[in-house]
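The values are calculated or read from the model by the stated rules, or taken from the named source; none is laboratory data. Please read all numbers here as calculations on a predicted model, not as lab measurements. Here Cβ is always computed from backbone atoms with ideal geometry, including for glycine, and neighbour counts include all displayed protein chains.
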Amino acid sequence: MMTPPDQKKILILFAHPALEKSRVNVHLTKAVKGLEGVHFHDLYQEYPDFHIDVKREQELLSQHDVIIFHHPFFWYSTPAILKEWQDLVLEHGWAYGSQGNALKGKLFMNVITTGGKEIAYHAEGYNGLTVRQLLAPLEQTVNLCKMIFLAPFIVHGTHSITPEDITRYKSEYRDLVLALSENRVDIEMSRKLIRINDQLEKVIHQMEVK
């Protein structure tokens, strides 16, 4: 089925080296796989040897309007393959630099799971910083590539999360991806938040019934 011309195409770059051990990501991925206009791209599955096909990845980026990094929060950052992907794919003269405009204007966001609870990611918490603050290097990378950085979608406390909460997050993730594809997300509000899923009802515009 072809994507309608006014619908944004979404590329989800998924990175989890041990998905079979994940309590949450296995459910989140099911929420968005198969959605119209969404290309789910599992990097560890695609490149088990880390030999990333740069030109193919650049073509995928060029074909999509929204780029999502979906990953667990490893050492306050991404799993290794996403760092390797950035190092190789975001080439000077293509992704950034005076002539690097291939990604200009595309939307970018992270979908993140953390073992630590939300209370740990505050100025007074164990980590002393929010996840949004800890993503500063990636946010600056996105800015350098002339993309638009949206607040992350975060699932905290995955070690103790309840089945009911997993179901709720799964539904929220699906709703957000659908809203992004249908141009129903308040971009300016989404850029300013610490965590986009704290304000989903305000961020997502309901579709008008005609």
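Every residue in the stretch 164-177 that is touching a residue at least 60 places away in the same chain (Cβ under 8 Å) and either within 13 Å of the chain's Cα centre (by Cα) or closer than 18 Å to PHE108 by Cβ (or both), please.
Passing the criteria: TYR173, ARG174, VAL177.
Considering only residues of the stretch 87-128 that are of a type in the set (Asp, Glu) and at pLDDT 95 or above, which is surrounded by the most Cβ atoms within 10 Å (Cβ to Cβ)?
Pass one, the stretch 87-128, residues of a type in the set (Asp, Glu): 87, 91, 118, 124.
Going one step further and asking which of them are at pLDDT 95 or above, we end up with 87, 91.
Values: ASP87: 10, GLU91: 14.
Per the criteria, the residue is GLU91.
Return yes or no: is GLN45 among the polar types (S, T, N, Q), closer than 22 Å to ASN143 by Cβ and free of Cβ contacts under 8 Å to residues at least 24 places away in the same chain? Explain how you work it out, then say what you get.
Numbers: among the polar types (S, T, N, Q): yes; closer than 22 Å to ASN143 by Cβ: no; free of Cβ contacts under 8 Å to residues at least 24 places away in the same chain: yes.
No, not satisfied.
Somewhere in the stretch 91-105, is a residue under 28 Å from HIS159 (Cα atoms), in contact (Cβ under 8 Å) with a residue 12 or more places away in the chain, of a type outside the set (Phe, Trp, Tyr) and in contact with a helix residue (DSSP H, G or I) (Cβ under 7 Å, 6 or more places away or on another chain)?
No, that holds for no residue.
Conditions (1) at pLDDT 95 or above; (2) surrounded by 18 or more Cβ atoms within 10 Å (Cβ to Cβ); (3) within 16 Å of LYS8 (Cβ to Cβ), marked per residue:
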position	(1), (2), (3)
CYS145	yes, yes, no
LEU150	yes, yes, yes
ILE161	no, yes, no
ARG174	yes, no, yes
VAL185	yes, yes, yes
LYS192	yes, no, no
GLN206	no, no, no
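Output the residues belonging to the stretch 100-109 that are assigned to a strand (DSSP E or B) and in contact with a Lys or Arg (Cβ under 9 Å, 6 or more places away or on another chain). First the steps, then the outcome.
As a first pass, look at the stretch 100-109 and keep what is assigned to a strand (DSSP E or B): 107-109.
Scanning the stretch 100-109 gives a single hit, LEU107.
Yes or no, residue by residue, for (1) exposed (fewer than 14 other Cβ atoms within 10 Å of the Cβ); (2) closer than 16 Å to HIS16 by Cα; (3) touching a Ser or Thr at 6+ places or on another chain (Cβ under 8 Å); (4) not polar (S, T, N, Q):
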residue: GLU46; (1), (2), (3), (4): no, yes, no, yes
residue: PHE50; (1), (2), (3), (4): yes, yes, no, yes
residue: ARG56; (1), (2), (3), (4): yes, no, no, yes
residue: HIS64; (1), (2), (3), (4): no, no, no, yes
residue: HIS70; (1), (2), (3), (4): no, yes, yes, yes
residue: SER77; (1), (2), (3), (4): no, yes, no, no
residue: LEU82; (1), (2), (3), (4): no, yes, no, yes
residue: TRP85; (1), (2), (3), (4): no, yes, no, yes
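Kindly provide the set of residues from the stretch 1-60 that are part of a loop (DSSP other than H, G, I, E, B) and either among the aliphatic types (A, V, I, L, M) or touching a Cys at 6+ places or on another chain (Cβ under 8 Å) (or both), ordered by number. Before the answer, list the steps.
Quick first cut of the stretch 1-60, residues part of a loop (DSSP other than H, G, I, E, B) only: 1-9, 15-18, 22-24, 33-37, 47-53.
Scanning the stretch 1-60 gives MET1, MET2, ALA15, ALA18, VAL24, LEU35, ILE52.
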